[in-house]
Amino acid sequence: MKGRKTISLSSVYSNSNLKMKAEGVESKHKSENSIQFSYTGKPKLDLGDLDDSYDNKGYVNGNKVTVKASTLLKELRENNPDYKFTGSGNHTYTVSGLVDKSADYSKLVNYVDSEKKKEEDSKIVYSTSITKLGDLQKVYVGRDTYSDGNKYEAILVYTNSDSDSDEKTLYCKLDGLTFKNGKLQGADNYRITSDGDVDDMLQLK
């Protein structure tokens, strides 16, 4: 196609037009985080499946992610036929913003503490007949794969203060959490169960 405007890779990278964002929890487990790319420059460019080349890897904050020129050129050429792309050189990003072990979960604990004191009208749903939460023992967080957007789930592990029960541990599961400014907050659902699967979740406490 004649008359196509030529766009160099250097201009794609200039002024931080090509941005990388990491979402999820620090984990080597592939389902707990992901890398997403967006282009904010002009003209508007379609990055195609660039994200897929870096997904399902498992990241922690501080990891380096290198976009290879060959990979980027392939996606740009396949998805932007009105332009001609040239250039060479890789570009490296540093992963940041993933939930890590220093995350503040105090808002979640405070909520459960206030709700478990209520004898009536508590917003916590009990999926077990045992309803006596004791002391907080552990806190885990993972990605909420059943929610739209970048949401999280947490499991707060408590001792069982019901002396008549054989269950020694109770789990408070919180879904639909957000992570802002280093803090875990909000939830769509709270429920108490007598079993909890914390495999691949990040332990905060």
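The values are calculated or read from the model by the stated rules, or taken from the named source; none is laboratory data. As the structure is a prediction and not an experimental result, all values here were calculated from the model. Virtual Cβ from ideal backbone geometry, glycine too; neighbours counted across all protein chains shown. Only protein heavy atoms, including side chains, enter the accessible area calculation; ligands, DNA and RNA are left aside. Shrake-Rupley method; radii C 1.70, N 1.55, O 1.52, S 1.80 Å.
Annotations for the structure displayed:
- Qualifying position, being of a type in the set (D, E, K, R), at pLDDT 95 or above, surrounded by fewer than 16 Cβ atoms within 10 Å (Cβ to Cβ) and within 29 Å of Lys173 (Cβ to Cβ), among Lys107, Lys138: Lys138
- Filtering region 173-189 to residues that are within 29 Å of Asp162 (Cβ to Cβ), open to solvent by 30 Å² or more (accessible area, probe 1.4 Å) and at pLDDT 85 or above leaves only Lys173.
- Against the test of being of a type in the set (Val, Ile, Thr) and within 30 Å of Asp166 (Cβ to Cβ), the options Val65, Val139 yield a single qualifying residue, Val139.
- Residues of region 156-185 that are over 15 Å from the mean Cα position of the chain (by Cα) and outside any strand (DSSP E or B): Ser161, Asp162, Ser163, Asp164, Ser165, Asp166, Glu167, Lys168.
Here's the yes/no breakdown for (1) under 16 Å from Lys173 (Cα atoms); (2) of a type in the set (A, V, I, L, M, F, W, C); (3) part of a strand (DSSP E or B):
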| residue | (1), (2), (3) |
| --- | --- |
| Gly97 | no, no, no |
| Val112 | yes, yes, no |
| Glu115 | yes, no, no |
| Lys118 | no, no, no |
| Ser122 | yes, no, no |
| Gly134 | yes, no, yes |
| Thr145 | yes, no, no |
| Asn150 | no, no, no |
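Table: residues versus (1) out of contact with any Lys or Arg (no Cβ under 6 Å at 6 or more places or on another chain); (2) surrounded by 15 or more Cβ atoms within 10 Å (Cβ to Cβ).
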residue: Tyr39; (1), (2): yes, yes
residue: Lys42; (1), (2): yes, no
residue: Asp52; (1), (2): yes, no
residue: Asn56; (1), (2): no, no
residue: Val65; (1), (2): yes, yes
residue: Lys68; (1), (2): yes, no
residue: Lys74; (1), (2): yes, yes
residue: Asn80; (1), (2): yes, yes
residue: Phe85; (1), (2): no, yes
